[in-house]
Amino acid sequence: TATTVLNADSSADGSDTNIDSIGALPIGLVTAGVGDVNLTSSAAMTDTNGALNNVTATNLTLSAVSGIGLSTDLLDTTVSGLEAETDTGGIHVSNTGDLSIGGVTGLLGGAVVNTSGDITLINAGDVSIVDTVDNDLVDVDGGTGSVTIQANGATSDILTGNGDTAIETVSGDINLSAGQDILLGDSTADEFGDVLSGGNLNLTAGRDLILDDDTFAHSNESGLGGNIVANAVNDIILTDTNSAGAEFQAHGDGSVTLNAGGDVTMTAGSNGVETDGAGAITMTANGSVVLDSAVTGGGNVTITATTGSITDANAGSNNVTAPVIDLNAATGVGVADAL
């Protein structure tokens, strides 16, 4: 049982550090250099040194029963690979450096809360969720727990592409923000990486937001309510580099709102944007909107191209289906090919 603060240093020879605590595990500083750190607690793991670093290693696995870090005091780490699992209490980690979720041992999967609690991953660098061995790599299996992932920094991306569901909640929200791009679907590896929210799905990209390779971005999977709000400083793109089917879809009466500082482009191989019930679809591009796949709304659809045009790129196929359709563009709507 860890009754005092855990401090350990194996950096001199780069060997792994393995700690198994019967009871709570308060963490000071654990340093393994190029080695890995594996920490297990039958209770909770907590940060005891405030904003100072807690773990330095190549890979880190954390297994607890009643929580890893606190929402008010995240565990501070400097690692390249992370796996974490707890039953309750949530997972709260702040990391420095490019980070891969999953693929460390294959035993814990990725970042998983089994019963209740939120997942908060704040990273200074890229966040990659692309391990193809495990699905549901960032997953709240029960309750109303939410997932928040931030990739902070002007060149930092969030990438999914594990060939399965990458991020999922039962009824809680999913909030993703990246300093540069949010890339849902790995076009290089030809793998999709679904993001399925039981509640709201909020996406904010400092540059581009791209759905690729049959990747689904859904809200309201629980049927209890939930909307999609996607914001990109530059472009929002639904495309099909290797595989068709990328889509935004709000279930139930959820709505979809897309805001792009540049263009909104939907290629022929994507499934487009859809609301199942009475939810509205609102697409706003400061530039142009290119429709090469369908926009299907159970509620009203509003599409605005503030300085550009709204273009039909799929010839005779239908572009928009909704009870009421409102199209607004600075330089024309369906000029070369009528919508």
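The values are calculated or read from the model by the stated rules, or taken from the named source; none is laboratory data. None of the values given here were measured: they were computed from a predicted structure. Note: ideal-geometry Cβ built from the backbone for every residue, glycine included; neighbour counts use all protein chains shown.
Miscellaneous remarks
- The residues of segment 16-43 that are part of a loop (DSSP other than H, G, I, E, B) and closer than 15 Å to residue 55 by Cβ, listed by number, are 16, 32, 33, 34, 35, 36.
- Test: residue in segment 239-247 that is buried (at least 24 other Cβ atoms within 10 Å of the Cβ), outside any loop (DSSP other than H, G, I, E, B) and modelled with pLDDT of 95 or more: no
- Candidates 226, 206, 193 - the one that is under 18 Å from the mean Cα position of the chain (by Cα), touching a residue at least 60 places away in the same chain (Cβ under 8 Å) and within 17 Å of residue 175 (Cβ to Cβ): 193
- In segment 211-228, the qualifying residues are those that are within 22 Å of residue 181 (Cβ to Cβ) and either in contact with a strand residue (DSSP E or B) (Cβ under 6 Å, 6 or more places away or on another chain) or not acidic (Asp, Glu) (or both), and the one that is surrounded by the fewest Cβ atoms within 10 Å (Cβ to Cβ) is 216.
- Candidates in segment 306-330 are the residues that are of a type in the set (Ser, Thr, Tyr) and modelled with pLDDT of 95 or more; of these, the one that is surrounded by the most Cβ atoms within 10 Å (Cβ to Cβ) is 309.
- Spans of strands (runs of 3 or more DSSP E) in segment 58-130 with at least 3 residues among the aromatic types (Phe, Trp, Tyr) and either at pLDDT 95 or above or touching a Ser or Thr at 6+ places or on another chain (Cβ under 8 Å) (or both): none
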